[in-house]
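Input: a single structure, listed below in structure tokens.
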Amino acid sequence: MSKSNKPIVWGLFAAGGMATALVTPVLTFLTLLTALHFTPSLFTYECLHTMASYWIGKLIIFVFVTLSLWHSAHRMRITAHDFGIRSDLLIAIILYCVAAIGTILTGFSLLSIH
């Protein structure tokens, strides 16, 4: 019986879905508070910039954004198939390239924060 790498890929897909499902409602709520001009002092630009300037903050942001990008790319691929777009290879290449470019840009953006 041959071994498969599918558990690793599906594990990353599931981790991206869980991270997105847990963090997105919190980000939406914080955005709502900001729109109502009620921003807690912990979420000011200076505090968030300080958090992103440490390596652990960069790692957390990178992991969350990367997992969300790859989860969304796969979810959009499946949705395109459900809508009847049968050129799966082309859709997969486009979406996964966008996720890869987003991952690379996230890494460079985080590394530029001092």
*Please name all residue pairs, on different chains or six or more residues apart, with Cβ atoms under 7 Å, provided the first residue is in region 26-52 and is more than 17 Å from Ile113 (Cβ to Cβ) and the second residue is in a loop (DSSP other than H, G, I, E, B) and β-branched (Val, Ile, Thr).*
Leu33/Thr39
*Residues that are buried (at least 18 other Cβ atoms within 10 Å of the Cβ) and either more than 30 Å from Ile93 (Cα to Cα) or of a type in the set (D, E, K, R) (or both), drawn from region 53-72*: Lys58
*Exactly one of (1) modelled with pLDDT under 90; (2) surrounded by 14 or more Cβ atoms within 10 Å (Cβ to Cβ) is unmet by Arg86. Its number?*
(2)
*Could you list, in sequence order, all residues of region 2-25 that are assigned to a helix (DSSP H, G or I), among the small types (Gly, Ala, Ser) and free of Cβ contacts under 8 Å to residues at least 40 places away in the same chain?*
Gly11, Ala14, Ala21
*May I ask you to verify whether Ala15 is out of contact with any Cys (no Cβ under 7 Å at 6 or more places or on another chain), surrounded by 11 or more Cβ atoms within 10 Å (Cβ to Cβ) and either farther than 15 Å from Ile61 by Cβ or at pLDDT 80 or above (or both)?*
yes
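Condition check ((1) closer than 22 Å to Ala15 by Cβ; (2) part of a helix (DSSP H, G or I); (3) modelled with pLDDT under 90; (4) out of contact with any Cys (no Cβ under 8 Å at 6 or more places or on another chain)) across all residues:
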position	(1), (2), (3), (4)
His37	no, no, yes, yes
Leu42	no, yes, yes, yes
Leu48	no, yes, yes, yes
His74	yes, yes, yes, yes
Ala80	no, yes, no, yes
*Scan region 85-114 and report the pairs whose first residue is touching a residue at least 60 places away in the same chain (Cβ under 8 Å) and whose second residue is of a type in the set (S, T, N, Q) and part of a helix (DSSP H, G or I), with Cβ atoms within less than 6 Å and a gap of 6+ or a chain change.*
Ile113/Ser53
*Qualifying positions in region 7-56 - more than 20 Å from the chain's Cα centre (by Cα) and more than 26 Å from Leu111 (Cβ to Cβ)*: Leu32, Leu33, Thr34, Ala35, Leu36, His37, Phe38, Thr39, Pro40, Ser41
*asked:* Just checking, does region 85-92 include any residue being part of a loop (DSSP other than H, G, I, E, B), out of contact with any Lys or Arg (no Cβ under 8 Å at 6 or more places or on another chain) and of a type in the set (D, E, K, R)?
replied: yes
*Restricting attention to region 89-102, report how many residues are under 18 Å from Ala19 (Cβ atoms) and surrounded by fewer than 12 Cβ atoms within 10 Å (Cβ to Cβ).*
0
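The values are calculated or read from the model by the stated rules, or taken from the named source; none is laboratory data. None of the values given here were measured: they were computed from a predicted structure. Glycine gets a Cβ as well: all are built from the backbone with ideal geometry, and neighbour counts include every protein chain shown.
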